[in-house]
Amino acid sequence: MNDDFFGEVKGKREEPRVFSVSEITKTVRGVLEDEIGTIWVEGEVSNYRKQASGHEYFVLKDASAQLSCVRFARGGTRLKSVALAEGMQIQVRGVLTVYEARGQYQMNVQIVQAGGAGLLQAKFEALKRQLQAEGLFEASRKRALPRFPKAMGIVTSATGAALRDMLSVLGRRAPWLRVVLFPARVQGGGAAEEVASGIEALNRLAKSGERELDLIVVTRGGGSVEDLWAFNEDVLARAIAGSALPVVSAVGHEIDFTIADFVADLRAPTPSAAAELIAPDGGELIRRIGELAMRLGRSLVSGLAEKRRGVEVLARSGLFREPEKRLAEASQRTDLAQESLERALGRGMERGRHQVMGLQSRLREYRPDQLLALRRQAFDALEERFLRKSKDARKARADQLRRLEEMLGLLAPQAILARGYTMTMGEGGKMVGSVGDVKEGMTLTTQFRDGRVESRVEVKYLGQEGG
């Protein structure tokens, strides 16, 4: 206990000192202002109210605590560019003190700036204004997507739900559409650079002719402002603007808007919606072809009936009843015209039927089960070729080894002896290869095919070579 409250004098206990409320409050205020002083604090604005004097009172809170704050209208410390509002996430700088009249500690706020999501929103608006001033959002630079694309590139996470949703819709609507995936991170540090690299890589593939691509989609699922921030970066916006291929932005949910959405040639509210906007409905195409074939047939039948009625009118007229010959000729021409029209109608219907059957056949060609069966047959054929070549290679190696063994056997010493040759060795078993190796008195050992003979050199005779 502090000695200011209790003390001992000459062994006697003094009476405790009694403080006034004002003394205690001033002491606490001094401790807060001297020991803590000016600090930065971040939190959410709550219970905001502004008095007629211009002073603003609010509570700064987080998940587990709150701090009373006041921002005075005078004193030259107020940043008028930041307007406070209920629920706003801010960072404040000020002095921690005590409001003595209520005995309540509070912060006298000097500086206010956006914090957390608010700060990100400010960055978003600043970049948006800059790019808009540069003309990157102009409608005149937006390009229309091809009506019937054959291939497209997707830049997104290889394991994300956005990719699964898009492939599901594309597989249902346009199974013939080829997809080239560039996997990239779509969240966190460096994600914007990876997505931008993906756009540039797909453009290079298309330009080199290595891949035929009609458009590019950058996409990811929903999330917080922080999760989607990679799509608000300048580097990605400029990569989209510089793409030679049309770019579709499908980021987050319908309520989410990013800088990529404004720069892209088309903004889709969701990944699934992007797939529906890009790919024509195969079933709808078949239905439309059927309708056109029926309209063509009805038109031909109607035209034929009209011509027939005209001929009948002419045939009933007095002008053609009298000259029977001309009437007969006209009737014959009418019959020929009818036959021609019927043939044309049949050919038109047949062409329409063949077109529908062709489209159905193409759709069947892209069925996953059939493609899988074809790939499995190709794999089985490759496996059979591999096993056959491996067997042939082992046999060839075995034959080569056998020939080498036979050659080695022919060169072996025992084989040479068997052909009538001998080997002569001197003392110590050293091979005698020259007359110069032989000395008088030396004991020689001669190896024959079936045994050895030892001899002693009594007289050394140096004969002529070949003699």
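Assign one of three labels to the stretch 128-282, namely rounded, prolate or oblate, based on the Cα gyration tensor with a ≥ b ≥ c the square roots of its eigenvalues; rounded applies when a/c is under 1.5, prolate when it is not and a/b is larger than b/c, and oblate otherwise. Because its axes are fairly even, with a/c under 1.5, the stretch 128-282 counts as rounded. Within the chain, antiparallel bridges make up roughly 70 percent of the DSSP beta bridges whose residues both belong there. Check cross-link reach from LYS391 to the aspartates and glutamates: straight Cα distance under 19 Å, and skip same-chain residues fewer than eight apart. Counting by Cα, and skipping residues close in sequence, LYS391 has these aspartates and glutamates nearby: ASP380, GLU383, ASP399.
Electrostatic tally near GLU306: other residues with Cβ closer than 14 Å to its Cβ, Lys and Arg +1, Asp and Glu -1, net +3.
With a/c under 1.5 counting as rounded, go ahead and sort the stretch 8-115 into rounded, prolate or oblate using the C-alpha gyration tensor (a ≥ b ≥ c being the square roots of the eigenvalues; past the cut-off, prolate if a/b is larger than b/c, else oblate).
Verdict is prolate for the stretch 8-115.
Under the criterion of Cα pairs below 8 Å and six or more residues apart, the relative contact order for the stretch 8-115 equals 28 percent.
According to the square roots a ≥ b ≥ c of the eigenvalues of the Cα gyration tensor, what is the shape class of the chain, taking rounded for a/c under 1.5, prolate for a/b larger than b/c otherwise, and oblate for the remainder? Judged from the Cα gyration tensor, the chain comes out oblate (a/c at least 1.5, b/c at or above a/b).
Among 416-422, 203-209, sorting by the average number of other beta carbon atoms lying within 10 angstrom of each residue, highest first, gives 203-209, 416-422.
Read-outs throughout are calculated quantities, based only on the coordinates presented, and are distinct from any laboratory measurement. Keep in mind the model is a prediction, meaning the values are calculated, not measured. We place every Cβ from the backbone using ideal geometry, glycine too, and count neighbours over all the protein chains shown.
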